[in-house]
Amino acid sequence: MAFLSQIPRGHQDPPRLTVREGKVLVTACNAVNGLHTATDPELIEGVFREEFGFTGFVMTDWNSYDTCDVVDMIAGGNNWLTPGGPGDTHTRQLEKAVTSGRLPEARLRESATFLDLQEALTPEGVT
């Protein structure tokens with residue numbers, strides 16, 4: 001992974017442990033190595049999930065869809081696009097992408113399974 005190789009070996013353990021033990025990751029609004037973090041499957045699926053062992057859900061920084069394609073963010077590994085809401089802000093774009101074959105339905109379903117963690121992450125008494 002190009003991203004991780006830029007961090008000296010002795011300094012990789014703190015971010016690795018932090019990610020592995022975390023429940024939620026937020027992709028930044030900026031780019032790393034020329035690719036927005038919200039659309040980077042090598043970073044989200046490769047470094048975070050495979051290499052660091054992260055099992056929680058990944059959400060975008062606020063309004064990432066202003067600079068990134070909604071479909072690319074889900075394809076890249078995000079599970080929650082912010083801001084979320086009861087409307088169909090992203091639904092139509094994702095539906096069209098699945099229908100056209102641009103986004104595999106399995107990837108969208110996999111992404112949605114992580115949202116079941118939301119209940120487990122909500123502190124008791126907080127709504």
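Here are the numbers:
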item	result
Chymotrypsin sites (Phe, Trp or Tyr not before Pro) restricted to the range 38-108 and DSSP loop, no more than 15 other C-beta within 10 Å	Trp62
Cβ-Cβ FRET estimate between Cys29 and Leu115, R0 fixed at 22 Å, reported to 0.05	0.55
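Bear in mind these aren't lab numbers, they're just calculated from the coordinates by the rules spelled out. Here the structure is a predicted model, which is why all the values come from computation and not from measurement. Cβ: placed from backbone, ideal geometry, glycine included. Neighbour counts: every protein chain shown.
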